[in-house]
Each structure stands twice: as C-alpha cells, then as structure tokens.
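Below is one structure, written out as structure tokens; the observations come after it.
The values are calculated or read from the model by the stated rules, or taken from the named source; none is laboratory data. Given the structure is predicted, the values throughout are model-derived calculations rather than measurements. Note that we place each Cβ from the backbone using ideal geometry, even for glycine, and neighbour counts take in every protein chain shown.
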Amino acid sequence: MDWYLTMLNDRQEKFAQAYVLHRNATEAARTAGYAQGSAAVQGHRLLHTDEIGERINTLEQELETNVDVINEIEKQYEYAKNNGHTNSAIKALELLSRVRGATSDFNVALDEETLESAIIGCLNVLGEEKVYDLLSKCDFAVDEEEEAKSDIEVQE
C-alpha cells in the first residue's frame with residue numbers, strides 16, 4: 001500500500017478519485033460525501049492539501065484508457081455539427097480545447113486563410129439566425145434605423 005493511502009481518510013481518497021474524474025473540486029467534494037452547502041469550501045481546502053495533491057497526481061499518472069478520447073470527441077463534434085446540434089457541437093469543441101491543452105498543435109498560429117476557414121466552419125455550426133444575431137451585437141454593426149437616418153441626412 002502506498003504511504004499516502006495511509007495518510008488519507010476514506011473521504012479524502014474519494015475526493016481525490018472524484019477530482020480526477022470531474023476536474024471540479026466542488027463536484028468532487030459532493031461525490032466524496034461533503035454537504036452541498038459546504039462542498040465548494042471543502043473542495044477548495046482539500047485541493048490545496050499537499051497529500052491530496054500528491055494523490056491526485058499519482059491517480060492521473062496511473063490512469064489508463066483504451067479509448068482515444070480526442071478521436072471520440074471529434075466524432076461527437078462532427079455528428080453534432082452535421083445534424084444541427086449547435087450546443088452539443090460547441091460543448092465538444094470546449095472539451096477538445098481542454099483535452100488538447102495549451103501545448104497542442106490545435107493552438108498553433110493560423111494564417112489568414114486557415115483562420116477564415118475555421119471561422120466559416122464555426123458560423124455554419126451556429127446557423128444563419130444565430131450568426132445574424134451575433135453580428136448585430138458587434139461594435140461595427142449599424143442598425144437599420146440609424147442607417148436610414150444617416151441616408152436622410154446625406155440627402156439633405
């Protein structure tokens with residue numbers, strides 16, 4: 001048995017295991033049996049305990065899976081995008097960005113053409129109505145009423 005297992009009580013061990021799964025201290029604390037009202041405080045406290053931090057690191061290093069997580073999330077993204085499930089597609093993209101992390105090839109600098117292509121892909125996922133709604137909120141967008149007033153002033 002590893003030394004940290006003798007130092008952690010059952011709740012702390014459950015917290016460490018749940019944290020590895022959820023990556024959320026509050027959720028891990030609830031899973032470990034801490035009260036709903038104190039889960040956020042307990043989760044923060046536990047996460048900053050040296051022994052628990054070491055246990056979490058050990059669990060993450062031991063974690064093995066036969067599932068290609070990135071490939072599976074990419075499949076979910078493609079399915080959601082192709083079937084008009086905008087929220088699911090966005091969630092899959094969020095997960096991909098977390099899984100790939102800051103050192104990923106995904107975060108390389110994009111040339112203008114690649115960036116435009118990526119933006120067009122995102123706009124297609126969002127759909128026409130949402131895109132126009134978002135564009136109307138941009139600083140450079142001029143609403144029709146202001147544009148009409150401007151046209152009248154120019155004609156006068």
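For the range 8-30, the set of residues classified as buried (at least 19 other Cβ atoms within 10 Å of the Cβ) and either in contact with a Lys or Arg (Cβ under 9 Å, 6 or more places away or on another chain) or closer than 19 Å to residue 58 by Cα (or both) consists of 8, 15, 16, 18, 19, 25, 28, 29, listed by residue number.
Restricted to the range 46-68, and to residues there that are loosely packed, with under 13 Cβ neighbours inside 10 Å and either over 23 Å from the mean Cα position of the chain (by Cα) or of a type in the set (Gly, Ala, Ser) (or both), the residue that is modelled with the lowest pLDDT is 62.
For the range 104-114, state whether one or more residues are surrounded by 11 or more Cβ atoms within 10 Å (Cβ to Cβ), assigned to a helix (DSSP H, G or I) and at pLDDT 75 or above. Checking the range 104-114: not a single residue is surrounded by 11 or more Cβ atoms within 10 Å (Cβ to Cβ), assigned to a helix (DSSP H, G or I) and at pLDDT 75 or above.
Here is a list: 133, 139. Which entry is in a loop (DSSP other than H, G, I, E, B) and modelled with pLDDT of 75 or more? Step through it out loud before you land on a result.
Numbers: 133 fails: in a loop (DSSP other than H, G, I, E, B).
The unique qualifying residue is 139.
Listed here are the residues, each with its yes/no results for (1) at pLDDT below 85; (2) within 30 Å of residue 122 (Cβ to Cβ).
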site	(1), (2)
6	yes, no
33	no, no
44	no, no
73	yes, yes
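If we keep just the residues of the range 31-51 that are in a helix (DSSP H, G or I) and out of contact with any helix residue (DSSP H, G or I) (no Cβ under 7 Å at 6 or more places or on another chain), which is nearest to residue 63 (Cα to Cα)?
50
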